[in-house]
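The values are calculated or read from the model by the stated rules, or taken from the named source; none is laboratory data. Predicted model only: the values in this text are computed from it and were never measured. Heads up, the Cβs are rebuilt from the backbone with ideal geometry, glycines too, and the neighbour counts pull from every protein chain shown.
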Amino acid sequence: MRQSNAIVAILSVLLGAVILWLASDLTHFDEAGVPGEAFWPSAIAWLFIALGLVQAAEVAFAPSLHAGRTVDLHSTPVRIAFLGAAIALAFAVLLTYFGFIVATAVFVPALMLLMGARSPVQITLTTAGVIAVVWVFFVLIFNNELPPPSLFE
């Protein structure tokens, strides 16, 4: 467990550093003090770094805390987490090529099915509600456009 924790700590710090590097060309705040496009990626990157350092400190200063414990990467909860990550990755790809509405219309039902929802009415209404609420807020209230499909341009 100690070796796994050390690897996760190193990967967390490295991931945070990569995110900071990728966001380095973006603006953190505009002239009015409003957070720019680098604000949230940088905040998440610093959280990755901080949590990685906390985990590294645990490995260094409390080595016996998890001694003898193992990690079962084939258990059902871990498989569900991996499947959820795959669904999120598929959403990102769909968002790029097919736009927000199509990607969300696939993502929300897939995630609901993964979490155990089985009612077609509940899944359909939730999907339509999520798309409608996001569309109303971003398009009508914030006067922003949702990601368009790049496949059809």
Seminar exercise, completed: When restricted to A128, A117, A67, the only residue of a type outside the set (K, R) and closer than 30 Å to A9 by Cβ is A67
Exercise. Got at least one residue in the range 78-85 being exposed (fewer than 15 other Cβ atoms within 10 Å of the Cβ), under 24 Å from A132 (Cα atoms) and either among the aliphatic types (A, V, I, L, M) or at pLDDT 95 or above (or both)?
Worked result: yes
Exercise. Can you pull out the residues in the range 23-55 that are in a helix (DSSP H, G or I) and touching a helix residue (DSSP H, G or I) at 6+ places or on another chain (Cβ under 7 Å)?
Worked result: P41, S42, I44, A45, W46, F48, I49, L51, G52, L53, Q55
Exercise. Which of the residues that make up the range 56-85 are more than 27 Å from L114 (Cβ to Cβ) and in a helix (DSSP H, G or I)?
Worked result: A56, A57, E58, V59, A60, F61
Exercise. Taking the range 1-44, which residues are surrounded by 13 or more Cβ atoms within 10 Å (Cβ to Cβ), over 30 Å from P63 (Cα atoms) and among the small types (G, A, S)?
Worked result: A23, G36, A38, S42
Exercise. Any residue at all in the range 88-107 that is small (G, A, S) and over 28 Å from I131 (Cα atoms)?
Worked result: no
For this session: Name the one entry in A110, A50, A103, A88 that is modelled with pLDDT of 95 or more, among the small types (G, A, S) and touching a Leu at 6+ places or on another chain (Cβ under 6 Å).
Result: A103
Exercise. So how many residues does the range 113-129 have that are closer than 25 Å to P148 by Cβ and buried (at least 16 other Cβ atoms within 10 Å of the Cβ)?
Worked result: 2
